[in-house]
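Asks: Pasting in a structure now, in structure tokens, and then I'll have a few things to ask.
The values are calculated or read from the model by the stated rules, or taken from the named source; none is laboratory data. Values in this document were obtained by computation on a predicted structure and should not be read as measured data. Neighbour counts run over all protein chains shown; Cβ positions are idealised from the backbone, glycine included. Side chains are part of the model used for accessible areas, which takes the heavy atoms of the whole protein and leaves out ligands, DNA and RNA. Shrake-Rupley method; radii C 1.70, N 1.55, O 1.52, S 1.80 Å.
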Amino acid sequence: MERKWWKEAVFYQIYPQSFYDANGDGIGDLQGIMEKIPYLKELGITALWICPFYCSPLVDNGYDISDYYAVNSEFGSIEDARELLKCANENGIRVILDLVINHTSDQHPWFQEACADKESKYRDYYIFREDVSRLSQLRSNFGGSTWTQIRDGSWYFHTFAKEQPDLNWENKVLRKELYTMINWWLRQGVSGFRLDAITYIQKDMSFPPVEPDGPDGLCDVMKHCLNVPGIEEKLLEMRRETYGRGDFVTVAEAPGVPAEKLEAYIGENGFFSMIFDFSYTDIDIWIGEAWAKPKKWSVEEFKENLFRNQRLVRETGWAANYLENHDQPRSINKYFAGVEKEQMEKYADTMAKALGTLFFFLRGTPFIYQGEELGMRNTVFSTMEEVNDVNSRGQYERALLEGYTEEEAFEAVNRRSRDHARCPMQWNDNVNFGFSTEKPWIACNRICSKQTVERESQDKQSVLSYYKKMIRLRNHSPYAETFVYGDLIEVVYGNYELLAPCDEALFLYTRTLGHEKLLIICNFTDKQAALPECIDIAALEQAQILISNYEEGARSVIRPYEAVVYKLDF
């Protein structure tokens, strides 16, 4: 196994506008991130993924970029960005940035010029059509048509919001401009990128008519503009012209990549270092459907999706393991959605530790999203007026169009909104949880008043303390090599290595390297679960417990939401 710094890293994702407000305007900023570097270093973080802080009108919270070379004034300046990179690197923390190159903001000078002059070279930087009546009538990912008309009567294409026009990747001059920009940021000291929506860049530019799949007369854009043939050549060209020239890491948001193409994407000479898998994080929704459409899922299905990804990636490359990010609600509410309020209050911290244990010791690089290490849960919205997220608003309108009631549509938003993860980080018990002295741009969490860095830092049994222990165990213990580079074997589930029947509530897997064998067990219900027959109970009673979310780890019966990591003797 080839050693790479990013395989041994622990990533921490920062949503800059919600992390820490250093200048007191109610919006987080780059200076605020710098001031919290000591916290991140103490936690054990070795790499940061920072969401977009480029110039933007913030229609989609920074994923609508109007200038790739400048920092939005609310976040600071380009000098602040350089200082942040220098500060992080001096503290042994690498930084990767979001790379949003499927689209720009409609306020980008390229698009403004394209709209103002049909003869401008920038017209071909985007996808314009004079008449779309006979073309694909597709539904954008945020709801509504993918075609929007401008003053001169022509139409432009957008996979996401109408304020996010898609770039025309068939244009070689455009691609060269993007590569120049990427290389410029690499020279500033970034260690790589997370590539946003990258599998949308290739389209069938003829946009042939398609059958609608909803009452709006539109068809899901993902069915026709995701992983379109020809994308491989462009991804290979980008790698060759930019980050492929150095020791950089790339993590792609790449939904829809089929298993047979994984090697091309993350193999030894793949387009990227890692890609995020959505099969288990989006298990609670129907892909391409309204959030309000009910979807039941089981722990067994979750388990199968999780370990299927581990099996596939094991044969081809390296996994990017995550529970939460800026596009997801909080994981406790998602994976324990049916738990009654009283049980949630009793076991919330235990659940957070169990989820962390399950994901942190999988084969691959762990990604932690800000607040996850505190055991943050979803907030509660009172009205749609409190919801900032453009996608949540689009989902609400779509649900109403499809015949759901306002109550059903709002319930779906309260369950699934991306704003749950975008609430301000909770540092202490001061006003606005110490995030800002001014009113934050988005309301603080109304549920997790006790989940603050200050409180949890003083509690050895807190979720934060547990995350610190997990990071030390994975990266700085005698077992670090096994946790990072060891093989993963799914002990008792699926077709990979079926040794014995297992309660669906239990997740069991081992990490092995040489003569060292580590066993991870997690219980995902509020019931006790007996260990399967293939587990040697006598040996388990003699095994060393490396970490557990109970004061004393289980030996024969796994308690509600219990997670334990054992060192086994061969």
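Asks: On a 0 to 90° scale, report how tilted helix 406-416 is relative to the longest principal axis of the chain, with both axes built from alpha carbons and the result rounded to the nearest 10.
Replies: Once rounded, one gets 60 degrees.
Asks: Residue separation times 0.36 nm, minus the C-alpha to C-alpha distance between V210 and S449: what's the value? Present the calculation step by step, with values, prior to reporting the outcome.
Replies: Numbers: separation 239, 0.36 × 239 = 86.04 nm, distance 4.92 nm.
Difference between extended and current length: 81.1 nm.
Asks: Can you give the convex hull volume per residue for the Cα atoms of segment 120-223, as a whole number of Å³? Before the final figure, lay out each step's value.
Replies: Details: hull volume 12.7 nm³, N = 104.
About 122 Å³ per residue, rounded to a whole number.
Asks: Please tell me the relative contact order of the chain in percent, rounded to the nearest whole number, where contacts are Cα pairs under 8 Å and at least six residues apart.
Replies: 13
Asks: Taking K346 as the anchor, which aspartates and glutamates have their alpha carbon closer than 20 Å to its alpha carbon, excluding any fewer than eight residues away along the same chain?
Replies: Answer for K346, where 20 Å is the Cα cut-off: E372, E373, E456, D459, D526, E551, E552, E562, listed by chain and number.
Asks: If one computes the Cα centroid of segment 165-195 and of segment 265-328, what distance in Å separates the two points?
Replies: A separation of 26 Å, based on Cα centres.
Asks: Using the scaling law 2.2 N^0.38 Å as the reference, what is the normalised Cα Rg of segment 150-192? Show your work: numbers first, answer last.
Replies: Details: Rg = 14.5 Å, N = 43, 2.2 N^0.38 = 9.2 Å.
Scaled against compact globular proteins, the figure is 1.58.
Asks: Show me, bin by bin at 10 Å from 0, the whole-percent P(r) of segment 260-409 based on Cα pairs.
Replies: Over segment 260-409, the share of Cα pairs per 10 Å bin runs 9, 33, 35, 19, 4, 0 percent.
Asks: OK, next. Applying 1/(1 + (r/R0)^6) with R0 = 22 Å to the Cβ-Cβ distance of I537 and Q461, what FRET efficiency is obtained, to the nearest 0.05?
Replies: 0.20
Asks: Under a plain spin-label model, where a point goes 7 Å from the Cα along Cα-to-Cβ, how far apart in nm are K293 and E402?
Replies: Taking the two extended label points, one gets 0.5 nm.
Asks: At 0.36 nm per residue, minus the direct Cα-Cα distance, what do R555 and R3 gain on full extension? Give it in nm, one decimal, please.
Replies: Working: separation 552, 0.36 × 552 = 198.72 nm, distance 3.49 nm.
Computed gain between R555 and R3 is 195.2 nm.
Asks: Quick one: compute the contact order of segment 290-418, relative version, from alpha carbon pairs under 8 angstrom and 6+ residues apart, as a percent. Intermediate results must be reported in sequence, preceding the final value.
Replies: Numbers: 111 pairs, mean separation 46.5, N = 129.
After rounding, I find 36 percent.
Asks: Sticking with this structure for a sec: Averaging over all projection directions, find the projected area of the Cα convex hull of segment 81-141 and quote it in nm² with one decimal place. Walk me through the intermediate numbers first.
Replies: On the way: hull surface 27.5 nm².
With every direction weighted equally, the projected area is 6.9 nm².
Asks: Follow-up question, since we're still on this one. What are the semi-axes of the equivalent ellipsoid of segment 20-76, taken as the square roots of 5 times the eigenvalues of the Cα gyration tensor, listed largest first and rounded to whole Å?
Replies: On the way: eigenvalues 102, 37, 15 Å².
One finds semi-axes of 23, 14, 9 Å for segment 20-76.
Asks: For segment 233-275, what D do you get in µm² per second when you plug the Kirkwood radius from alpha-carbon pairs into Stokes-Einstein at 20 °C and 1.002 mPa s?
Replies: Working: Rh = 10.5 Å.
Rounded, D is 203 µm²/s.
Asks: In whole percent, and with a 1.4 Å probe on the protein chains, what portion of the accessible area of segment 174-303 is carbon and sulfur?
Replies: On the way: 2670 of 5300 Å².
It is 50 percent, rounded to a whole number.
Asks: Please compare each pair in K261/K303; K293/K341; K303/K468; K341/K468; K203/K303; K172/K261 to a cut-off of 32 Å on the Cα-Cα distance and tell me which ones are over it.
Replies: Numbers: K261/K303 23 Å; K293/K341 23 Å; K303/K468 26 Å; K341/K468 28 Å; K203/K303 34 Å; K172/K261 25 Å.
Among K261/K303; K293/K341; K303/K468; K341/K468; K203/K303; K172/K261, the Cα-Cα distance tops 32 Å for K203/K303.
Asks: Next question, about the same structure. Indicate the gyration tensor shape class of segment 526-570 (rounded, prolate or oblate), computed on the Cα atoms with a ≥ b ≥ c the square roots of the eigenvalues: a/c under 1.5 is rounded; otherwise a/b larger than b/c is prolate and the rest oblate.
Replies: Working: a/c = 2.44, a/b = 1.24, b/c = 1.98.
The shape class here is oblate.
Asks: Provide the descending list of Cα extents for segment 156-315 along its principal axes, expressed in whole angstroms.
Replies: If we take the Cα atoms of segment 156-315, the spans are 47, 40, 27 Å.
Asks: Kindly express, to the nearest 10 degrees and within the range 0 to 90, the angle between helix 231-241's C-alpha long axis and the longest C-alpha principal axis of the chain.
Replies: Compared with the principal axis, the helix lies near 80 degrees.
Asks: Something else about it: Ranked from highest to lowest mean number of other Cβ atoms within 10 Å per residue, what is the order of the peptides 537-549, 375-387? All intermediate terms of the calculation are to be shown ahead of the outcome.
Replies: Working: 537-549: 16.1, 375-387: 17.6.
By packing density, highest mean first, the sequence is 375-387, 537-549.
Asks: Same structure, new question: Which value, to two decimals, describes the C-alpha radius of gyration of segment 414-454 once divided by 2.2 N^0.38 Å? Intermediate results must be reported in sequence, preceding the final value.
Replies: Working: Rg = 10.2 Å, N = 41, 2.2 N^0.38 = 9.0 Å.
Normalised by 2.2 N^0.38 Å, the Cα Rg of segment 414-454 equals 1.13.
Asks: Calculate how many DSSP beta bridges within the chain are antiparallel, expressed in % of all such bridges and rounded to the nearest 5.
Replies: Details: 34 of 60 bridges.
Within the chain, antiparallel bridges account for around 55 percent of the total.
Asks: Rounded to the nearest 500 deg cm²/dmol, what is the calculated helix-only ellipticity per residue at 222 nm for the chain, with -39500 (n - 2.57) per DSSP H run of length n ≥ 4?
Replies: Working: 17 runs with 168 residues, N = 570.
Helix contribution divided over all residues of the chain: -8500 deg cm²/dmol.
Asks: About the Cα centre of segment 201-270, how large is the charge dipole given +1 on each Lys and Arg Cβ and -1 on each Asp and Glu Cβ? Please answer in debye to the nearest 20. Could you put the intermediate results ahead of the total?
Replies: Working: 7 positive and 14 negative charges, 48 e Å.
Dipole size: approximately 240 debye.
Asks: Further question on the same structure: With a/c under 1.5 counting as rounded, go ahead and sort segment 407-483 into rounded, prolate or oblate using the C-alpha gyration tensor (a ≥ b ≥ c being the square roots of the eigenvalues; past the cut-off, prolate if a/b is larger than b/c, else oblate).
Replies: oblate
Asks: What accessible surface, in Å², does a 1.4 Å probe find on W110, ignoring ligands, DNA and RNA and rounding to the nearest 10?
Replies: Around 30 Å² of this residue is reachable by solvent.
Asks: Here are several values of Cα extents along the principal axes in Å: (i) 133, 77, 45; (ii) 87, 60, 44; (iii) 78, 51, 50. Which one was derived from the coordinates shown?
Replies: Matching entry in (i) 133, 77, 45; (ii) 87, 60, 44; (iii) 78, 51, 50: (iii).
Asks: When you have a sec, figure out the Kirkwood radius of segment 411-560 from all distinct Cα pair distances and drop it here in Å to one decimal?
Replies: Kirkwood radius, segment 411-560: 18.6 Å.
Asks: With each pseudo-label sitting 7 Å past Cα toward Cβ, what's the S154-E340 distance in nm, one decimal?
Replies: It is 6.3 nm.
Asks: Follow-up. Taking the Cβ-Cβ separation of S477 and E35 as r and a Förster radius of 22 Å, what is the calculated FRET efficiency to the nearest 0.05? It would help to have the intermediate numbers written out before the result.
Replies: Numbers: r = 30 Å, r/R0 = 1.36.
The calculated FRET efficiency here is 0.15.
Asks: Also: Kindly state, to the nearest 0.05, the FRET efficiency for Y485 paired with E170, given R0 = 25 Å and r defined as their beta-carbon distance. Walk me through the intermediate numbers first.
Replies: Numbers: r = 41 Å, r/R0 = 1.65.
Step by step, r from the Cβ atoms, then E = 0.05.
Asks: Something else now. Excluding ligands, DNA and RNA, what is the solvent-accessible area per residue of the chain at a probe of 1.4 Å, expressed in Å²? Mind dumping the intermediate values first?
Replies: Details: 22380 Å² over 570 residues.
For the chain, the solvent-accessible area averages 39 Å² per residue.
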